[in-house]
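Working notes, beginning with the structure itself.
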Amino acid sequence: MAASTLGSVCRPLQLGVPSLCPRRPGPRSMWARVLRFPGPAVTRRSVAATSGLGASGTDHYCLELLRKRDYESYLCSLLLPAESRSSAFALRAFNVELAQAVSEKTIGLMRMQFWKKTIEEIYHDNPPHQPVAIELWKAVRRHNLTKRWLMKIIDEREKNLDDKAYRNIQELENYAENTQSSLLYLTLEVLGIKDVHADHAASHIGKAQGIVTCLRATPYHGSKRKVFLPMDICMQHGVSQEDFLRRTQDKNVRDVIYDIASQAHLHLKHARSFHKSVPVKAFPAFLQTVSLEDYLKKIQQVDFDIFHPSLQQKNTLLPLSLYIQSWRKRY
């Protein structure tokens, strides 16, 4: 089934990148705006007494956690409206807490149980004395966030603790839907968006992000003797996990990466097909598309060599690209 879906995508990927040369504002003023990204909004601290970190300590903790562990989401969150920013930081910090690597499955299960209990306590207005939990509680109260999406993220992360390769591309997409797309649904709620077209776009962008994240992490996972790429696509091209562990460069390995990357590109294309129907107010939630398209373009340029050193280099122009995309009101 995956083969027929992916077979409809022909080389090369048509990764259209919009012009990055708008006439206004000029480059000098543009850089100035990027370098002066706004900080997190400071709001009245109704739970100051519950936090040992002080009145502004919990939101600063989330901001710093995100800046150090998920820099791209940090940059995207900075471009959200000021009244939504601190809640977005809380959601993304929550995701970072769940995604942190653990040495043993038992430790990971304990962490998931802690967060399941924490979510229940948050919705009973009794969050634990933990900075991310406190900020998440504030976000839930402020925006009436849907509990189901938070629990889906935890449940899916818990299932993924087995460290097994995805059996097929659909399994990877389901994981992405329940984690990355759920985060986007919550971000839309933070922005006050309730729109079926925005939800459809969020679903596809989340799936694209999950697929790209899997690709980007492949060299790191390989160094740990692990491979998570969908087995059905590997088998279709006669590629074994050992080929990735040995960093084989032959055509079959590149074809596997091409098929997976093509699926991510298709999801981005589908998400953008809703562009005219999605409320403009929702666009800031979808700024991740900038880094996703950047990676897909780069991997195409190196002929789908997943281990090429250029793919591991940080994009120093990402803040500028994000700002331009935000200014142009696109995703």
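The values are calculated or read from the model by the stated rules, or taken from the named source; none is laboratory data. Bear in mind that the values here come from a model prediction, so they are computed numbers and not experimental data. We place every Cβ from the backbone using ideal geometry, glycine too, and count neighbours over all the protein chains shown. Surface accessibility is based on the protein's heavy atoms, side chains included, excluding ligands, DNA and RNA. Shrake-Rupley method; radii C 1.70, N 1.55, O 1.52, S 1.80 Å.
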Matching residues, the stretch 203-254, being open to solvent by 20 Å² or more (accessible area, probe 1.4 Å), within 25 Å of residue 178 (Cβ to Cβ) and in contact with a His (Cβ under 7 Å, 6 or more places away or on another chain): 204, 207, 228
Residue, most open to solvent (accessible area, probe 1.4 Å), within the stretch 106-132, restricted to residues that are part of a loop (DSSP other than H, G, I, E, B) and without any contact (Cβ under 8 Å) to a residue 12 or more places away in the chain: 124
Residue 237 being out of contact with any Cys (no Cβ under 9 Å at 6 or more places or on another chain), at pLDDT 95 or above and within 30 Å of residue 275 (Cα to Cα): no
Hits in the stretch 88-112 (condition: under 22 Å from residue 284 (Cβ atoms) and among the charged types (D, E, K, R)): 92
Those helices (runs of 4 or more DSSP H) lying entirely in the stretch 246-330 with at least 3 residues over 20 Å from residue 218 (Cα atoms) and not hydrophobic (A, V, I, L, M, F, W, C): 251-272, 318-327
Residue under evaluation residue 135, criteria (1) assigned to a helix (DSSP H, G or I); (2) under 19 Å from the mean Cα position of the chain (by Cα); (3) closer than 12 Å to residue 91 by Cβ, criterion not met: (2)
Residue 74 surrounded by 17 or more Cβ atoms within 10 Å (Cβ to Cβ), under 30 Å from residue 301 (Cβ atoms), modelled with pLDDT of 95 or more and of a type outside the set (A, V, I, L, M, F, W, C): yes
Residues of the stretch 175-189 classified as in contact with a Leu (Cβ under 9 Å, 6 or more places away or on another chain), open to solvent by 10 Å² or more (accessible area, probe 1.4 Å) and not polar (S, T, N, Q), total: 1
Those residues of the stretch 276-301 which are surrounded by fewer than 15 Cβ atoms within 10 Å (Cβ to Cβ) and either of a type in the set (A, V, I, L, M) or touching a Phe, Trp or Tyr at 6+ places or on another chain (Cβ under 9 Å) (or both), in sequence order: 280
Pairs where the first residue, in the stretch 186-210, is over 17 Å from residue 272 (Cα atoms) and the second is open to solvent by less than 10 Å² (accessible area, probe 1.4 Å) and of a type in the set (S, T, N, Q), C-beta under 6 Å, 6+ apart: 190/84; 190/87; 191/84
Where residue 258 falls short, out of the listed (1) buried (at least 18 other Cβ atoms within 10 Å of the Cβ); (2) within 25 Å of residue 85 (Cβ to Cβ); (3) aromatic (Phe, Trp, Tyr): (2)
Test: residue in the stretch 143-154 that is open to solvent by 20 Å² or more (accessible area, probe 1.4 Å), over 17 Å from the mean Cα position of the chain (by Cα) and among the β-branched types (Val, Ile, Thr): yes
